[in-house]
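The values are calculated or read from the model by the stated rules, or taken from the named source; none is laboratory data. As the structure is a prediction and not an experimental result, all values here were calculated from the model. All Cβ positions, glycine included, derive from the backbone under ideal geometry; neighbour counts span all protein chains shown. These area figures cover heavy atoms from the full protein model, side chains too; ligands, DNA and RNA do not enter into them. Shrake-Rupley method; radii C 1.70, N 1.55, O 1.52, S 1.80 Å.
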Amino acid sequence: MTSSEKPKIRLLGICGSPRKGNSLFLLQQAFDEILKAYPDEVEEEIYVFGQTPFAPCDACGAHRRLKGECRIRDGFQELRDRWLDADGIIYSLPVYHMSIPGQVKCFIDR
């Protein structure tokens, strides 16, 4: 990158549906419009729930001993790192019983 080049904005799209259906379709539509409007300014990444399990928080308190790190090893660590690296996040979530899907809730709680 030259000194006159601006760094790209890193957008993370999170599809909270365990299926590749309407939530993913709508997320891709949003990214298509963003990339049309800002073709050289945005770097996109889409994460789809459903392929990797997420355990619920069990309130063990291990994160205090482990300098903020959760003792449970699953998909949380990978998504957390992507989430922290992003400049912006777009969620596309189905509504289950007036709430978000359980896997997404497990991620947010941890």
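Please list, in order along segment 94-107, the HN-Hα scalar couplings obtained from phi with the Karplus expression 6.51 cos²θ - 1.76 cosθ + 1.60 (θ = phi - 60°), rounded to whole Hz, x for Gly and Pro.
x, 9, 10, 6, 6, 8, 7, x, x, 4, 5, 4, 4, 4
With θ set to phi - 60° and the Karplus curve 6.51 cos²θ - 1.76 cosθ + 1.60, what are the ³J(HN,Hα) couplings of segment 72-88 in order, to the nearest whole Hz, using x for Gly and Pro?
7, 9, 7, x, 4, 4, 5, 5, 4, 5, 5, 4, 5, 6, 6, 7, x
Check the straight Cα-Cα distances from Lys105 and name the lysines below 29 Å, setting aside those fewer than 8 residues away within the same chain.
Lys20, Lys67
So, for the chain, what is the accessible surface per residue at a probe of 1.4 Å, expressed in square angstrom?
Details: 7450 Å² over 110 residues.
In whole numbers, the chain has 68 Å² accessible per residue.
Of Pro39, Tyr96, Ile72, which is farthest towards the positive pole of the chain's charge dipole, taken about the Cα centre with +1 and -1 on the beta-carbons of Lys, Arg and Asp, Glu respectively?
Ile72
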